[in-house]
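Heads up, the thing below is written out as structure tokens.
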Amino acid sequence: MVKLSSTKVNVTLSGLALLLTAGTGVASAEPAGDPLVNTTCSYGQVVAALTAERPDLAAEFQQEPMAQAMLTSFLAAPLNQRQQMVARIQATPMGQQYMGGITQIANSCSKY
């Protein structure tokens, strides 16, 4: 079994948290209903939702400039690129593990 460094795990989690925007369902045959791909939330809304609803991931996210940059890029990307980004992350075991939390944030960030 391969052991990941804490930095690598944090970057991965932060990247996922970012897609909470992230919280990253899957790009599918029905992208029109995908809250991650179709989010209209701003960076500030995503971070506020993450902080309020998933403080564990928010703390890691705040420590990862790369994750913050990825979130900015994700939110600025057109829908087809967002679909690809989500699909790549969800294709990983770590991505699958955090999709519930990511979807939670995507569904609620508009309230912040």
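The values are calculated or read from the model by the stated rules, or taken from the named source; none is laboratory data. Everything numeric here is computed off the predicted structure, so don't read it as measured data. Here the Cβ is made from the backbone with ideal geometry for all residues, glycine too, and neighbour counts use every protein chain on show. Please note that ligands, DNA and RNA were not included when accessible areas were found on the heavy atoms of the full protein model with its side chains. Shrake-Rupley method; radii C 1.70, N 1.55, O 1.52, S 1.80 Å.
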Requested in this report: Scan Ala87, Ala91, Ala76, Ala67 and give me the residue that is at pLDDT below 90 and under 20 Å from Gly44 (Cα atoms).
Outcome: Ala67
Query - Residues located in the range 74-112, provided they are open to solvent by less than 70 Å² (accessible area, probe 1.4 Å), of a type outside the set (A, V, I, L, M) and assigned to a helix (DSSP H, G or I) - result: Phe74, Arg82, Gln83, Gln90, Gly95, Tyr98, Gly100, Gly101, Thr103, Ser108, Cys109
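Select from the range 37-72 the residues that are open to solvent by 70 Å² or more (accessible area, probe 1.4 Å) and either in a helix (DSSP H, G or I) or charged (D, E, K, R) (or both) and list them in ascending order.
Tyr43, Thr51, Pro55, Asp56, Gln62, Pro65, Met66, Thr72
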Requested in this report: Looking only at the range 8-20, decide whether some residue is out of contact with any helix residue (DSSP H, G or I) (no Cβ under 9 Å at 6 or more places or on another chain) and either modelled with pLDDT of 90 or more or crowded, with 17+ Cβ neighbours inside 10 Å (or both).
Outcome: no
